[in-house]
Amino acid sequence: MKIAMTRTFAQFAACLLLFTVATPTLRTFADPKGDKKSDKKKKDAAPEKKPPEALGFKVGPRDASKYEIDAAADDNEVTFTSKTAKETFVGKTTQITGSMECKPRALKDAKGKFAVAWTNLDTGKPMRNQHMMAEPWVDAGAHPEIVFTLDNITKMKAIDKRSTRLKCTLVGTFVINGAEKELKIPATLEYRLPKKANGSDTDGQKEGVHIQAKFSLSLKDFGITGRGVGDKVAPKMQIDVSLFLPIAVAESPEPTPPPPSDPPRGRTRRPGR
């Protein structure tokens, strides 16, 4: 009896094993393509559509407008950082001049010009400031300003739903120490709408464009080869820029005075008559 039960159990186990091994084969035989269908569906699936490149802001004037740096704005600042193993120092200024003309809703043809005077840059040490502006560093007497000319704006992508903030690339030319270098600068642009403060039209936020950028400049590209470059002075300077340009309000033309009225026609009565 025990031998018969053992034999029956062994036969059952063998059948179960055979079924387990044969099942994938049967499934493949029933559907020879198997998982290939799912693979094909993945291949045939349409690629994800990337959001189209933005043309500009979705706010602001539709016509070309002029924007000028507000000298009184709190967030105007240009800094350069030199970092080496021996020394790190930062030069900065809040005195920047410049303007930009553009159509806020179509920024690709934007034009502008910005300048910083060497005499307005402060590195924290008066002696270092003097050395910086003299040869063989910079001939500030012959080339008193650092100038960036904006030629156009490319690769714009909105980073908020209202398209008031854009990631973009500023394309233009730097002129430093008499040398020119074309650069493509990654930047963030924000269109700020006017806001009133305490019911006043003058104390709130002005309408305008805020520019923020971070990039590097090679001293060698501009012929700056003073002693210590690569040792105490970094061969590349890290530049940080923050500028606010309110929209320029056109001045109202003075009213034209009316033309003089003609004298009355007819006889002129003589005195005594």
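The values are calculated or read from the model by the stated rules, or taken from the named source; none is laboratory data. Not measured: the values here are computed from a predicted model. Reconstructed Cβ throughout: ideal geometry from the backbone, glycine too, with neighbour counts over all protein chains shown. The area values use the complete protein model at the heavy-atom level, side chains included, leaving out ligands, DNA and RNA. Shrake-Rupley method; radii C 1.70, N 1.55, O 1.52, S 1.80 Å.
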May I ask you to list the residues in the range 74-110 that are open to solvent by less than 30 Å² (accessible area, probe 1.4 Å), small (Gly, Ala, Ser) and under 19 Å from the mean Cα position of the chain (by Cα)?
-> Gly98, Ala110
Can you run down the residue pairs with Cβ atoms below 6 Å, 6 or more apart or on separate chains, where the first is in the range 235-258 and under 30 Å from Thr123 (Cα atoms) and the partner is part of a loop (DSSP other than H, G, I, E, B) and at pLDDT below 95?
-> Ser242/Asp75; Phe244/Asp70; Phe244/Ala73; Phe244/Asp75; Pro246/Asp70; Pro246/Lys206
Being of a type outside the set (Val, Ile, Thr), open to solvent by 30 Å² or more (accessible area, probe 1.4 Å), touching a helix residue (DSSP H, G or I) at 6+ places or on another chain (Cβ under 9 Å) and at pLDDT 75 or above narrows Glu180, Glu190, Glu207 down to just Glu180
For the range 142-161, enumerate the residues that are under 10 Å from Lys108 (Cβ atoms) and among the β-branched types (Val, Ile, Thr).
-> Ile153, Thr154
Residues of the range 217-235 that turn out to be of a type in the set (Ser, Thr, Tyr) and either open to solvent by less than 60 Å² (accessible area, probe 1.4 Å) or in contact with a His (Cβ under 7 Å, 6 or more places away or on another chain) (or both), as a count = 1
Leu183: out of contact with any Ser or Thr (no Cβ under 7 Å at 6 or more places or on another chain), among the aliphatic types (A, V, I, L, M) and farther than 29 Å from Val249 by Cβ, yes or no?
-> yes
